[in-house]
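The values are calculated or read from the model by the stated rules, or taken from the named source; none is laboratory data. Note that the structure is a prediction, hence the values are computed from the model and not measured. Every residue, glycine among them, receives a Cβ derived from its backbone with ideal geometry; neighbour counts consider all protein chains shown. Heads up: the accessible areas ignore ligands, DNA and RNA and are worked out on the full protein's heavy atoms, side chains in. Shrake-Rupley method; radii C 1.70, N 1.55, O 1.52, S 1.80 Å.
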Number of protein chains: 2
Amino acid sequence: MFDLIAFDADDTLWHNERLYQMGRDRFRELLSSYSVQGPIDELLDQTEIRNIPFFGYGVKSFVLSQIETAVKLTAGRISGHDVTALVELAREMLTAEVELFDEAEQTLAQVSSRYPLILITKGDLLHQQTKFEQSGLKGYFQHLEVVSGKTIGTYRTILHKHRVEPSRFLMVGNALRSDILPVAELGGWAVYVPHELTWLYEEVHLPEGLPDRCFEVERIGLVPEMIERIARERGG
Amino acid sequence: MFDLIAFDADDTLWHNERLYQMGRDRFRELLSSYSVQGPIDELLDQTEIRNIPFFGYGVKSFVLSQIETAVKLTAGRISGHDVTALVELAREMLTAEVELFDEAEQTLAQVSSRYPLILITKGDLLHQQTKFEQSGLKGYFQHLEVVSGKTIGTYRTILHKHRVEPSRFLMVGNALRSDILPVAELGGWAVYVPHELTWLYEEVHLPEGLPDRCFEVERIGLVPEMIERIARERGG
């Protein structure tokens, strides 16, 4: 029933948002000595989201937004030492070890034995390639696609390149906005695996529930069973 | 004789290093009010090159290295206002208009009428895609490959993906280190189009001259003629 199955990486196969939370914690600590007024997290979020069209996604973008926000919040009083600490935070985040989710590898082993897999991840090219190399999961995938955003157009281009019809494509991921909704809109299938930590930007409210051809499972380990259920019940 | 011809983009088809020179000029101006000691450009270059394994290539990486260097050179005295000016510089560089070289478009028109073309460019994914879209040159290429570095392995992967033998591949570019030498080492062909501005990192000294199967032309407009000459003289 499927010619191609794609997985998202960050917070679908391995921890990611946790690292950004650490970066946010570090940011609040760093600003705590400046008696800053105002909601630090909200202002950082706003700066990040405003900078996406320029800087895109990823650690360098995050830290540039932190630096910008820190200057604003401290009215320029932030010390050179603390600015350097943020550049150092970028290096730390970019070299953090990849930590796989429980059952991620066995899930890929199972699904890849029946379907060709690709990994579709957005963000910084070098960082995503490095994590892919370090993850030990490379062997399960035919291909890595690092993209600058995940819109309908992105998925259309990828499917075109792999000569796959949307109706024979299934995407697995933790972000409704990036992994699930655009694939559903294109006529594909999706398995949504929510993660407890989700970046504000990815949050979507769905009053009517998931669209048609989208299914939710509690954890990555339940994905193979769900794919087989979809293939069995909807395949013919 | 060739199944695939690839072009580099930055400083081969459009201006790029000029923008970084502007960024360096801005950086020196900004530091001029701090009575800084030491060779500013050299220290920035060193920081940039040291940060490549973490930050990769591109504007965000460049500006993070500027911020780090500025704190160091001013012994932490750099003002918040000037730090913000550097973040602003990043946004300015990332949205600068793409300026094509004279004869770039007619060169692509000529070569693409005889061979399939791809564009291989290293750096920031979002920025390179944006420049590709804005360049007006998209129609001449079958494919855009944004890579995190240009090593022999990079070219091997690309040729494998396109199912092309190295001996039937030719690369056109301005950087010996990235565009010419790895392709020659892999057994491919290369046309070197030097550019007056070259980043220190890309500079290579070749006491013995260009390797076999590499040819130099003075400007991009002479590339079609050189490709035909190679095909004619070496093709059989």
Folded to 0 to 90 degrees: helix A:125-135 orientation relative to chain A principal axis, Cα: 60
Relative contact order of segment B:119-196, pairs being alpha-carbon contacts under 8 Å that are 6 or more residues apart, as %: 25
Whether the protein assembly as shown is rounded, prolate or oblate, judged on the alpha carbon gyration tensor where a/c under 1.5 counts as rounded: oblate
Label distances, nm, B:Glu42 versus same residue in remaining copies, Cβ-directed 7 Å point: 5.0
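Sorted by accessible area with a 1.4 angstrom probe, largest first, how do A:Glu225, B:Glu97, A:Glu48 fall?
On the way: A:Glu225 130, B:Glu97 155, A:Glu48 15 Å².
The most accessible residue leads, giving B:Glu97, A:Glu225, A:Glu48.
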Heavy-atom accessible area ranking, 1.4 Å probe, most first, across B:Arg232, B:Arg18: B:Arg232, B:Arg18
Degrees, to the nearest 10: B:17-31 long Cα axis against longest axis of chain B: 10
Accessible surface of B:Arg26 - all protein chains present, 1.4 Å probe, nearest 10 Å²: 80
Environment charge of A:Ala231, counting only residues whose C-beta is closer than 14 Å and scoring Lys/Arg +1, Asp/Glu -1: +2
Principal-axis tilt of helix B:223-234 within chain B, Cα atoms, nearest 10 degrees: 40
Chain-alone versus full-assembly comparison, segment A:38-61, residues with accessible loss of at least 40 Å² (1.4 Å probe): A:Phe54, A:Phe55, A:Lys60
For segment A:138-236: rounded, prolate or oblate by the Cα gyration tensor [a/c cutoff 1.5]: rounded
Solvent-accessible area buried by pairing B with A, both sides, nearest 100 square angstrom, 1.4 angstrom probe: 2800
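Pairs to check: A:Lys72/B:Lys122; A:Lys72/A:Lys122; A:Lys60/A:Lys150; A:Lys131/B:Lys122; A:Lys150/B:Lys150. Give those whose C-alpha atoms are more than 21 Å from each other in this structure.
Numbers: A:Lys72/B:Lys122 33 Å; A:Lys72/A:Lys122 28 Å; A:Lys60/A:Lys150 19 Å; A:Lys131/B:Lys122 18 Å; A:Lys150/B:Lys150 26 Å.
From A:Lys72/B:Lys122; A:Lys72/A:Lys122; A:Lys60/A:Lys150; A:Lys131/B:Lys122; A:Lys150/B:Lys150, over 21 Å: A:Lys72/B:Lys122; A:Lys72/A:Lys122; A:Lys150/B:Lys150.
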Heavy-atom surface of chain B, accessible at 1.4 Å and reported per residue (Å²): 44
Label point distance in nm, A:Asp212-B:Leu100, each placed 7 Å from Cα along Cα→Cβ: 4.5
Distance between modelled label sites at A:Met1 and B:Arg24, nm, 7 Å Cα→Cβ extension: 5.9
Residues in segment B:76-104 occluded by at least 30 Å² - accessible area, probe radius 1.4 Å, against chain by itself: B:Gly80, B:Val83, B:Thr84, B:Val87, B:Arg91, B:Leu94
